[in-house]
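Note sheet for the following structure.
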Amino acid sequence: MHAELKQLVTPGDLLAEGPYFAGENTYRDGSKIYSSRIGLADIIGNKLIVVPIKGAYIPRIDDIVIGRITDIGMSGWQVDISAPYPAMLPASETPMDRDAGRGDLALHYGVGDLTLAQVIAFDRTRDPLLTTKGRGLGKVTSGKVARIAPAKIPRVIGKKGSMITMLKKETNTDIVPGQNGVILAIGKNPDQERIAIEALYMIEREAHTNGLTDRVRAMIQEEMKGKVVG
Amino acid sequence: MLDNQNTIRLIDDNGLRVDGRRLDELRPIKIEVGILDKADGSAYLEHGRNKILAAVYGPREAHPKHIALSDRAVVRCRYHMAPFSTDERKSPAPSRREHELSKVIRESLEPAIMSEYFPRSTIDIFIEVLQADAGTRCAGITAAALALADAGIPMRELVSACAAGKIDGKVVLDLSDVEDKKGDADLPVALMPKSNVVTLLQMDGSLTEEEFVQAMEISTGACRKIYEMQREALRQKYHIVKEQEKEEPSEVSA
Amino acid sequence: MSTTRQSSPVAKLEQKTITDLISKGKRVDDRGTLDYRPTTITLGIIEKANGSAQVYLGKTKVVAGVKIETGTPFEDTPNEGILTVNSEFVPIASPNFESGPPDENSIELARVVDRGIRESKAIDLKKLCIEAGKKVFMVFVDIYILDHDGNLIDAAATAALGALVSAKMHEFDVKNGEPRFKEKIMSLPMKNYPVSITSAKIGGAILLDPCLEEEQVMSCRLTVTTDKDNNICAMQKGGLGVLTPDEIKQIVSTSIAKAKDLRAKILPNVT
């Protein structure tokens, strides 16, 4: 292997030569494997990958996403999930009665509403398809929203969920991260929601620093002093 | 520098050019990556007196839908000069030159972009020249490649570009404005340095075959030097990420 | 032809967050209702232009360049130079800016900035006459938006003013109807210094210097441009919302006071 693990690589950097697999954000040219993006080189088994620092959200099946309704069609809604492709939420994939007419569709979701949904289909030939039939999915009616770079969502979750567990506990709000970079903070108290949002943007800004979990916790605790606890 | 016939000499008796450079010397280059907030990726480049801002959006939804391709992203590129960028004010409306440069610049960058990852979408590249002093298309390509990488768009490698030319009968590197206007030939070249392939090649003026080979040598050599500067600029922008990830590795998303 | 724009790109729930905050007297970035975002102005960044200025207003970034060339005067002002203000909403500045000729927002901005400079008689156009009726100097102000995070009008007007104030040309005398340039450099002859202040109405509240998030939920905006003697020289209301006469008077009064403040900061030597 040429690149060190966790080393910053740029497009075209040689990662390794020989019996490795070219994983995400790498490509093979003959016997050599190169990085195709800016990110950190890593290895899983003998599969080389690059963990990207930035980039558009490309949907995957089973992703949880938070999207904004942009249009009401004949049998469903068009949803902006901050991806290069507009998503479709068919009425048949919601708990709504499937024989509903267009007027009823507008009553269920209007343009500008937010939905917490799951991607059930997506491939190279068609736009993503969503469902809200799972547990906890559906129209978002309260809470606050943070929009961060999708590549930073893993940082928000943290190793074995450590960061997000801390956030929920310290701010006493439910935090729902969408894989598309949109995050909901739903609590009983708007001030706590606001602190949670601030914490999320702090994580995005400082994702590159050490001891982040402790510093975010300290910030939250400082902010929570004197605020009503829900 | 005037000789005894009162015409401008571009190379003096010491082999130095009007701005004091040697024949094979690059103008100073300064790079800053990620300078804009709204664009997905951006880079600011100063090359001599050139000041170039490149920005990239994408992959993003194709508008209008009918331009989308089923098997890869559509790459669009616009090279545009600010009215105040040149000695005489330039009308903001795109000139024929800007149209031509938009095309050759797109063709210089597209081979490096792995656009097959994003069918039915667009990747948009915008190059704005805030101040021009010859070599803007090359500087634009160098900046745009960085903006693409900054946007997180998968690329085979970066692209770098530099022009060579001929002045006072001698092959030189990196023409400045006065050298371009009064010189004998201009040869802009863009290179994918790792693969060692040329993605932009244009020439105007007059060169013998030997002179052309010489000019190609020095311009591709300069492209490789500029490539190292590009990588350095990317590292400067993102190096702190490296330290954090070593201490507190986050969950890798599937 | 002007057309109603598409529905807001901001989700209703997110709009509510901003309007709720504002009803409590708070803003998304913790500013006071009368506070401008941190502003940096750098003059002379484009050496090839006669004058230039780069303005950072929060995350909004604008560059303006001044080019001075010769041309024919207008018939009704045969002994005055000509001012032209142009603005480019280039696509690098926002995912919503498209390439092509200026759209109605770009044209509106250019014309509002132009009005401020022209009506305040900021440039002494009479000093730019070469031969009456035949040849004058033309002052081109080109505004380039680089990064759109709200309040482009004020950022652009500030950049335009900075570019004009820093603009230099050669001294000249006139021979056979042509300008003969001397070695000595002079500043573009300026007599006044217009400053534009934009207010946004959100719910019942009026805020200065709206950032992009605030612009996306505001009902309307009112720009008031004042000169160095605190006279109003230009005004422009934008957006579909409405203002009461009292709100307008309040905005005008606030804008005049704020402009004095900002003018002293932008041009400490020439207030």
When region A:129-148 is checked residue by residue, the ones that are closer than 17 Å to A:K54 by Cβ and open to solvent by 30 Å² or more (accessible area, probe 1.4 Å) are A:R147
A:I203: open to solvent by less than 60 Å² (accessible area, probe 1.4 Å), closer than 17 Å to A:P150 by Cβ and either at pLDDT 90 or above or touching a helix residue (DSSP H, G or I) at 6+ places or on another chain (Cβ under 6 Å) (or both), yes or no?
yes
Checklist entry - Condition test on C:K61, is it in contact (Cβ under 8 Å) with a residue 40 or more places away in the chain, in a strand (DSSP E or B) and open to solvent by 10 Å² or more (accessible area, probe 1.4 Å)? => result yes
Checked region C:102-152 for anything over 30 Å from B:G34 (Cβ atoms), without any contact (Cβ under 8 Å) to a residue 60 or more places away in the chain and either in contact with a Leu (Cβ under 6 Å, 6 or more places away or on another chain) or not in a strand (DSSP E or B) (or both); matches are C:I107, C:R111, C:D114, C:R118, C:L125, C:K126, C:A132
Residue hits (region A:1-22; at pLDDT 90 or above, outside any strand (DSSP E or B) and open to solvent by 40 Å² or more (accessible area, probe 1.4 Å)) are A:P19, A:Y20
Taking region C:61-86 and keeping residues more than 9 Å from chain B (Cβ to nearest Cβ) and under 30 Å from C:I206 (Cβ atoms) leaves C:V62, C:V85
Scanning region B:112-141 for residues that are within 14 Å of chain A (Cβ to nearest Cβ) and either open to solvent by less than 10 Å² (accessible area, probe 1.4 Å) or touching a Phe, Trp or Tyr at 6+ places or on another chain (Cβ under 8 Å) (or both) gives B:A112, B:I113, B:M114, B:S115, B:P119, B:R120, B:S121, B:T122, B:I123, B:D124
Within region A:23-48, residues out of contact with any Leu (no Cβ under 9 Å at 6 or more places or on another chain) and assigned to a strand (DSSP E or B) come out as A:Y27, A:R28, A:D29, A:I44, A:K47
Residues of region A:209-230 being open to solvent by 50 Å² or more (accessible area, probe 1.4 Å) and either within 13 Å of another protein chain (Cβ to nearest Cβ) or part of a helix (DSSP H, G or I) (or both), in sequence order, are A:N210, A:D214, A:R215, A:R217, A:A218, A:Q221, A:E222, A:E223
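Given the criteria open to solvent by less than 50 Å² (accessible area, probe 1.4 Å) and either away from chain B (no Cβ under 14 Å) or outside any loop (DSSP other than H, G, I, E, B) (or both), does A:A117 qualify?
yes
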Of the candidates B:A144, B:A163, B:A149, B:A190, the one satisfying the condition of being within 14 Å of chain A (Cβ to nearest Cβ), in contact with a Ser or Thr (Cβ under 7 Å, 6 or more places away or on another chain) and among the aliphatic types (A, V, I, L, M) is B:A149
Just one listed residue, out of A:I53, A:I44, A:I58, is within 11 Å of another protein chain (Cβ to nearest Cβ), surrounded by fewer than 21 Cβ atoms within 10 Å (Cβ to Cβ) and modelled with pLDDT under 95, and it is A:I44
Of C:T226, C:T254, the only residue that is modelled with pLDDT of 95 or more, β-branched (V, I, T) and surrounded by 18 or more Cβ atoms within 10 Å (Cβ to Cβ) is C:T226
Filtering region A:52-75 down to residues that are without any contact (Cβ under 8 Å) to a residue 60 or more places away in the chain and either polar (S, T, N, Q) or on the phi < 0 side of the Ramachandran plot (or both) yields A:I58, A:R68, A:I69, A:T70, A:D71, A:I72, A:G73, A:M74, A:S75
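Kindly indicate whether any position in region C:193-204 is surrounded by fewer than 20 Cβ atoms within 10 Å (Cβ to Cβ) and within 25 Å of C:T33 (Cβ to Cβ).
Yes, that holds for at least one residue.
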Filtering region B:48-66 down to residues that are at the interface with another protein chain (Cβ under 8 Å from one of its Cβ atoms), more than 22 Å from B:I29 (Cα to Cα) and of a type in the set (D, E, K, R) yields B:R60, B:E61
Subset of region B:197-212, residues closer than 13 Å to B:A163 by Cα and without any contact (Cβ under 8 Å) to a residue 40 or more places away in the chain, comes to B:V198, B:L201, B:M203, B:D204, B:F212
- A:T115 vs. criteria at pLDDT 95 or above, of a type in the set (S, T, Y) and under 25 Å from B:D40 (Cβ atoms): yes
Scanning region B:67-94 residue by residue, the ones that are within 14 Å of chain C (Cβ to nearest Cβ), open to solvent by 10 Å² or more (accessible area, probe 1.4 Å) and in a loop (DSSP other than H, G, I, E, B) total 9
Worksheet item: Yes or no: B:E157 closer than 29 Å to B:D204 by Cα, facing another protein chain (nearest Cβ under 8 Å) and more than 14 Å from the chain's Cα centre (by Cα)?
Response: yes
Within region B:193-208, restricting to residues that are of a type in the set (S, T, N, Q) and away from chain A (no Cβ under 14 Å), the one that is surrounded by the fewest Cβ atoms within 10 Å (Cβ to Cβ) is B:S206
* Asked: Based on what the data block shows, is B:L101 crowded, with 22+ Cβ neighbours inside 10 Å, of a type outside the set (S, T, N, Q), in contact with a helix residue (DSSP H, G or I) (Cβ under 7 Å, 6 or more places away or on another chain) and not in a strand (DSSP E or B)?
  -> yes
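The values are calculated or read from the model by the stated rules, or taken from the named source; none is laboratory data. Computed from a predicted structure; not experimentally measured. We place every Cβ from the backbone using ideal geometry, glycine too, and count neighbours over all the protein chains shown. Only protein heavy atoms, including side chains, enter the accessible area calculation; ligands, DNA and RNA are left aside. Shrake-Rupley method; radii C 1.70, N 1.55, O 1.52, S 1.80 Å.
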